[in-house]
Amino acid sequence: MSETVAQHLVRALRTTAQSFAAGDQTPPFAVLWTDPERLWEGVLPALQGLLPELFLLGGYAPEKRTGPALWLRCIEARLVDGAPPAGVTPILYLPGISRDQLRAAEDCPQELAALVELQYRGTLWLHVNGKEWTPYAFLVSKHGGLELEVAKDQASLDALAGSLPSLLTQTISQLQGRRLDAEFFNALVAPDATGLLLRWLSEPEAFRQRLSAAAWQAFRQQCQAEAGLDPVKDGPLKAAGLLAARVNHWGKVWQRFAEAPVNYPGVVEWLRRAAPKTPDMFAAAEVWPSINESEERRLRQALEALVDRPQDEVIRQVAALERQHGERRAHPWQRLGLSPLATALAPLAELARLCQGAPGAPTPEAYAAAYAEGGWRVDAAALATLAACGSPEQHGAVLGAVRALYLPWLEATARHLQQLIHAQGQSVSRRAPPIVAAPGRLVLFADGLRMDVAQQLAGKLAAAGIPSTQDWEWSAIPSVTATAKPAASPIADAMQGGEASDGFATRLVSTGQPLTQERFVTALQGRGWQVLGSDETGDPTGAAWTEAGALDKRGHAEGWKLARSVEAEVRDLASRIGALLQAGWTEVVVVTDHGWVLMPHGLPKIELKAFLTETRWTRCAALKADAQTDALAFQWSWNPAVMMASPPGAGSFRAGIEYSHGGVSLQEMVTPVLRVAVPRPTGTSTRLLEAKWTGAKCRVAVGGAAAGVRVDVRTSQSDANTSLLADQQAREPTADGKVTVFLEDDADIGKQADIVLLDATGRVIHALPTQLGN
């Protein structure tokens, strides 16, 4: 049976008494538990039942193991009745007393004088940051606490204080994997029959053992009165049947379960056991998980049958499947992860709807503009469907359907763009000149940022209160990094092309040397651009270039599974942009070199004889000067004399390639440009002036108006969940702008982080990079 919160607390206190080096140190004579805010006082009577060696500072009442400081001192010395036996360290709870009061021996109140010297012969129960343990810290800390997820708003903290006696009786396993907030804590204080009934049904034996005899009897009576069920005589199997029937009071019970099924995971198994062996026409997947599982199997078989079928047939069948199975996403099984195929069906149905027609346009520019306006939604739907593929059982069903829908659309749109560009002179020209350096302007290069992913990024920024504008630009031909990255950079006019044998790499106009990373950086710096590392913020009074993201690297390594990584990549890019803006940059321009095509089970293989090419990649090849081929040829953007062969449509010159770029398609060639601009602040403002570390303690000075601001230390400036402070709580400075903060874990000393200044709304208004402890 799982340990309760109270049992873990008792173990933590006893562990403190045993934390000494045998042979080198003597055991502590007492454990002092200081509690200046009396946060634990309400649970001490219950803890004394579990902890016979626990004694309380208070009025003289030895029968309650409570007395003044001198009496506690006598308990420690074993001079009075009731003292613990030899070898058992007494634990002395001191309500309203702080660690600092004991340490200030000269100023310590006279009534505590008898206990002062025990801090030297004994030990204190403290958090690793040297502070007193609070109930919140005990719940969330991973160093001696329970490492639970607990809301930090004031309502939740107030509710935690009121529900602490009830919380101590909860098993830790019941608390793990869920967010503990005001609603949860209040329900512990005033539980209703509905919630208790579901908790019992989720784990009948464990629930019974947690209750006292009186509480169990009260629960039985409540169930009989409201639900018409005796948990002892009727049992969980009958209860599961009544729950599925949803009649009278059980309708309310079902509604509670359906709203938060993850809180009652054991209910699923009882519903499986109670399900009819031969379901009739009225049995519903909504209430019987076994029927839902049967529907999932039917859906998988239907999707597997769509592999290699004509696109128009697949579109019709997917639409029909959505009508049949879409409603199951509203059932509780979806939130429990038991309807993965019904979940994946939502973006798949959207993909089917969008693939009903492949639009065209009279010119490459018009076609690209239409794609940038909304055509990218097809790619987004395909990517979302692939991201929903979690288990191997889903792969065969979903991936084949995606391919049947998406590949014909991808082929048709790529061929149309290829024909348009070929007819226009076998090339395209960039729409805008190279970006010039300007004060406050930063160019962020995100390798492989495709148009649909850029739209996700814009949405993520908007959700964080960061508006952006979106435009589009042509990639280079071929759309490979060696050619396209220089074209997207501020020094594009300093580049030129070489020979076909160069592998589409550029050269410096000034020297004719091949462009290496070192020369690229030197050329940028020569134009007045700072070049920032991935964790640097630079000087926002100048201009800068920085690079972020690993979409292209992931794509080449992961194939179609890149879809699962996109969300994390977008989150990291948004966090980086937010940090740069907070550092003072007033304009961030996000550019990229190319997009990519992604197809589960591989792009169609296209033959191209090796003797016709100087170099050959999956989606492009540099043709020899005398090569004769039927493949569509395009001019290299950096040297029109060099011709590049592109496989028709979405083809690949190599087999088995799921992710690639370098060819001519909307996805590879039409790249996003995001601009984020904020007004430059004027006048004086509140800022961080300095930070001085002493071990895990940091003294921070704040300049300007300090009212309403708070200071935090984070590994990611804009993410409050990365706070390294004790309890993850930002601290308010004094009226003169001084504040001292403490790391929760001194193992973090030496790591890089940011000291951030927050306004009253929690927005980061200034930041200082720091090495923790130094």
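From the list V318, V268, V287, V262, pick out the single residue that is touching a residue at least 12 places away in the same chain (Cβ under 8 Å), loosely packed, with under 15 Cβ neighbours inside 10 Å and under 32 Å from the mean Cα position of the chain (by Cα). V262 is the lone residue from the list that is touching a residue at least 12 places away in the same chain (Cβ under 8 Å), loosely packed, with under 15 Cβ neighbours inside 10 Å and under 32 Å from the mean Cα position of the chain (by Cα). Strands (runs of 3 or more DSSP E) fully within segment 580-677 that include at least 1 residues being open to solvent by less than 10 Å² (accessible area, probe 1.4 Å): 587-591, 621-623, 632-636, 639-646, 670-677. Restricted to segment 698-745, and to residues there that are open to solvent by 40 Å² or more (accessible area, probe 1.4 Å) and of a type in the set (D, E, K, R), the residue that is nearest to A568 (Cα to Cα) is D719.
The helices (runs of 4 or more DSSP H) falling completely within segment 210-263 include none with 1 or more residues that are polar (S, T, N, Q) and at positive phi.
Filter segment 346-388 for residues that are open to solvent by 10 Å² or more (accessible area, probe 1.4 Å), assigned to a loop (DSSP other than H, G, I, E, B) and over 22 Å from V262 (Cβ atoms) and give the result. Within segment 346-388, Q356, G357, A358, P359, G360, A361, P362, T363 qualify.
Mind telling me which of the residues S510, S501 ends up being part of a helix (DSSP H, G or I) and open to solvent by 20 Å² or more (accessible area, probe 1.4 Å)? Of the residues listed, the single one that is part of a helix (DSSP H, G or I) and open to solvent by 20 Å² or more (accessible area, probe 1.4 Å) is S501.
Just for segment 538-556: of the residues that are part of a loop (DSSP other than H, G, I, E, B) and out of contact with any Gly (no Cβ under 8 Å at 6 or more places or on another chain), which one is farthest from L768 (Cα to Cα)?
Going through the qualifying residues, I end up with A550.
Restricted to helices (runs of 4 or more DSSP H) entirely inside segment 283-345, those with at least 1 residues that are within 19 Å of A404 (Cβ to Cβ) are 289-304, 311-325. Of the residues making up segment 413-459, just one is assigned to a helix (DSSP H, G or I), buried (at least 19 other Cβ atoms within 10 Å of the Cβ) and of a type in the set (D, E, K, R), namely D452.
Considering only residues that are over 17 Å from L168 (Cβ atoms) and modelled with pLDDT of 90 or more, which ones fall in segment 132-146? Result: E132, single match. Screening segment 1-99 for strands (runs of 3 or more DSSP E) wholly inside it with 2 or more residues that are open to solvent by less than 60 Å² (accessible area, probe 1.4 Å) and of a type in the set (K, R) returns no ranges. Applying the criterion of being in a loop (DSSP other than H, G, I, E, B) and loosely packed, with under 13 Cβ neighbours inside 10 Å to the residues of segment 100-125, the residue that is nearest to the chain's Cα centre (by Cα) is A104. Applying the criterion of being in contact (Cβ under 8 Å) with a residue 60 or more places away in the chain and out of contact with any strand residue (DSSP E or B) (no Cβ under 9 Å at 6 or more places or on another chain) to the residues of segment 619-675, the residue that is farthest from S427 (Cα to Cα) is G649. In this structure, V700 qualifies as β-branched (V, I, T), in a strand (DSSP E or B) and closer than 30 Å to D748 by Cβ.
Once segment 521-578 is narrowed to residues that are among the polar types (S, T, N, Q) and more than 29 Å from the chain's Cα centre (by Cα), the residue that is nearest to L348 (Cα to Cα) is Q530. Annotation note: of V676, V642, the sole residue that is under 32 Å from the mean Cα position of the chain (by Cα), modelled with pLDDT of 90 or more and over 19 Å from N774 (Cα atoms) is V676.
Just one residue in the set A568, A557, A544 is hydrophobic (A, V, I, L, M, F, W, C) and open to solvent by 40 Å² or more (accessible area, probe 1.4 Å); that residue is A557.
E304 falls short of the stated requirement of being in contact (Cβ under 8 Å) with a residue 40 or more places away in the chain and in contact with a Phe, Trp or Tyr (Cβ under 9 Å, 6 or more places away or on another chain).
Regarding S391, is this residue in contact (Cβ under 8 Å) with a residue 12 or more places away in the chain, over 21 Å from V314 (Cβ atoms), surrounded by fewer than 18 Cβ atoms within 10 Å (Cβ to Cβ) and not aliphatic (A, V, I, L, M)? Judged against the criteria, S391 is a match.
The values are calculated or read from the model by the stated rules, or taken from the named source; none is laboratory data. Note that the coordinates shown come from a computational prediction; the quantities given were computed from them, not determined experimentally. Backbone-built Cβ (ideal geometry, glycine too); neighbour counts: all protein chains shown. Surface areas here come from the heavy atoms of the whole protein model, side chains and all, with no ligands, DNA or RNA. Shrake-Rupley method; radii C 1.70, N 1.55, O 1.52, S 1.80 Å.
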